[in-house]
Amino acid sequence: MTILDGKKVSNDIKDEITEQVKKMKAKGEKVPHLAAVIVGNDGASLTYVASKVRACERVGFESTMVRLSNTTSEIELLDKIEELNVDDNIDGFIIQLPLPPQINTQKVLMAVDPSKDVDGFHPENFGKMALDMSTFIPATPFGILELLDRYGVETKGKHTVVIGRSHIVGRPMSILMGRKGFPGNSTVTLTHSHTKNITQITSQADIIISALGVPNFLKAEMVKDDVIIIDVGITRVPDETSPKGYIITGDVDFDAVSKKASYITPVPGGVGPMTIAMLLKNTLLAREQRM
Ligand code: GUN
């Protein structure tokens, strides 16, 4: 069994980006600048955005965090987005999800200039992705592809089962794994809350990518020997013995499933750090495209 070490690989990627930023600086070029907009006070979202900003500092990017209150109206957010769209200093920006209920997420994502949409959530970029055109690939799926690539995990002809059809992970992942190319060329099954007898499907999978958000959902009895496991779950589970009062728990019963797996991502330290590294990569790409 091989651990797919997202922490290590993401650090390698950050080192590579740091080198590229140094070269940009040496040539007197502007360094990439990422802005992250967060609406409200959700603890997990604040933690993720803080990590994204810290990662920018680590690689030498500029960063701006825009914090808006929980009562921000849709118009106010759309105004802020327009400001970022026309600000020449900002190369890319993200709107951290989820948004409070008074705001229409689709409307917001469509307001982002596609050339600055480093999350790859705008329909133009999502459509390009589905059509194999060069674009920003959403950071979590992009991170999973990169992890599979760097460990040389074969995906061609394999049966990949994706659990969860969110716009951020499951849906794009199902498209990317079925694309021509590497990683890709998988036969993909996309499962969701209406899927019947999921164990029958997961037990036939060569690769399982779980983005469900239900702690320890995937048990050893649900998978076959030598399965490849990508665990995208990051649920905070209350735990009095931990200093933070919670522990981050994946969708996969790691101890039992890892005994059957050929490759598996840990939680934490698997997909999570890769998401941030690939957001940086998209931001670098955005800067390069603006030159
Ligand atoms: N919420 C959970 N994952 C993500 C992500 O990748 N990008 C944004 N903007 N919000 C998220």
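Structural remarks
- Lone qualifier among Gly127, Gly152, Gly157, Gly120 - being under 20 Å from Gln289 (Cβ atoms) and surrounded by fewer than 16 Cβ atoms within 10 Å (Cβ to Cβ): Gly127
- Residues in region 25-40 that are away from the ligand (no atom under 16 Å from the Cβ) and either in contact (Cβ under 8 Å) with a residue 40 or more places away in the chain or part of a loop (DSSP other than H, G, I, E, B) (or both): Lys27, Gly28, Glu29, Lys30, Val31, Pro32, His33.
- Figure legend. Inter-residue proximity from region 174-190: first residues at pLDDT below 95, second residues not in a loop (DSSP other than H, G, I, E, B), beta-carbon distance below 8 Å, spacing 6+ or different chains. Indicated pairs: Phe182/Asp149.
- Any hit, region 157-166, residues being away from the ligand (no atom under 16 Å from the Cβ), part of a loop (DSSP other than H, G, I, E, B) and either closer than 30 Å to Thr71 by Cβ or not aromatic (Phe, Trp, Tyr) (or both): yes
- Within region 270-284, residues that are small (Gly, Ala, Ser) sit with their Cβ atoms under 7 Å from residues that are buried (at least 24 other Cβ atoms within 10 Å of the Cβ) and part of a helix (DSSP H, G or I), at 6+ positions apart or across chains, in these pairs: Gly270/Gly6; Gly272/Gly6; Ala277/Ser10; Ala277/Gly143.
- Any hit, region 191-200, residues being without any contact (Cβ under 8 Å) to a residue 40 or more places away in the chain, surrounded by 19 or more Cβ atoms within 10 Å (Cβ to Cβ) and either out of contact with any helix residue (DSSP H, G or I) (no Cβ under 8 Å at 6 or more places or on another chain) or not in a helix (DSSP H, G or I) (or both): yes
- Subset tally (residues that are closer than 22 Å to Tyr151 by Cβ and of a type in the set (S, T, N, Q)) for region 224-276: 4
- Note on region 106-149: among residues that are in contact with a Leu (Cβ under 8 Å, 6 or more places away or on another chain), in contact (Cβ under 8 Å) with a residue 60 or more places away in the chain and among the charged types (D, E, K, R), the one that is farthest from the ligand (Cβ to nearest atom) is Lys116.
- If you go through region 224-248 and keep only what is exposed (fewer than 15 other Cβ atoms within 10 Å of the Cβ), of a type outside the set (Asp, Glu) and more than 11 Å from Asp206 (Cα to Cα), you end up with Val237, Pro238, Thr241, Ser242, Pro243, Lys244, Gly245.
- The residues of region 201-222 that are touching a Ser or Thr at 6+ places or on another chain (Cβ under 7 Å) and assigned to a strand (DSSP E or B), listed by number, are Ile207, Ile208, Ile209, Leu218.
- Here Glu154 fulfils each of the conditions (1) closer than 15 Å to Asp206 by Cβ; (2) within 16 Å of the ligand (Cβ to nearest atom) apart from (2).
Residue by residue, here is whether (1) touching a residue at least 12 places away in the same chain (Cβ under 8 Å); (2) away from the ligand (no atom under 12 Å from the Cβ); (3) among the polar types (S, T, N, Q) holds:
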{"position": "Gly60", "(1), (2), (3)": "yes, yes, no"}
{"position": "Arg67", "(1), (2), (3)": "yes, yes, no"}
{"position": "Asn85", "(1), (2), (3)": "yes, yes, yes"}
{"position": "Ile95", "(1), (2), (3)": "yes, no, no"}
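- Highlighted here are the helices (runs of 4 or more DSSP H) found entirely within region 41-153 that include at least 3 residues which are within 15 Å of Thr283 (Cβ to Cβ): 43-59, 139-150.
- Residues within region 34-76 that are hydrophobic (A, V, I, L, M, F, W, C), closer than 11 Å to Pro100 by Cβ and over 20 Å from the mean Cα position of the chain (by Cα), tallied: 1
- Region 249-291 - residue that is surrounded by fewer than 23 Cβ atoms within 10 Å (Cβ to Cβ) and part of a strand (DSSP E or B) and, of those, farthest from the chain's Cα centre (by Cα): Tyr263
The values are calculated or read from the model by the stated rules, or taken from the named source; none is laboratory data. As the structure is a computational prediction, the values presented were derived from the model and not from experiment. FYI the Cβ positions are ideal-geometry reconstructions off the backbone, even for glycines, and counts take in every protein chain you see.
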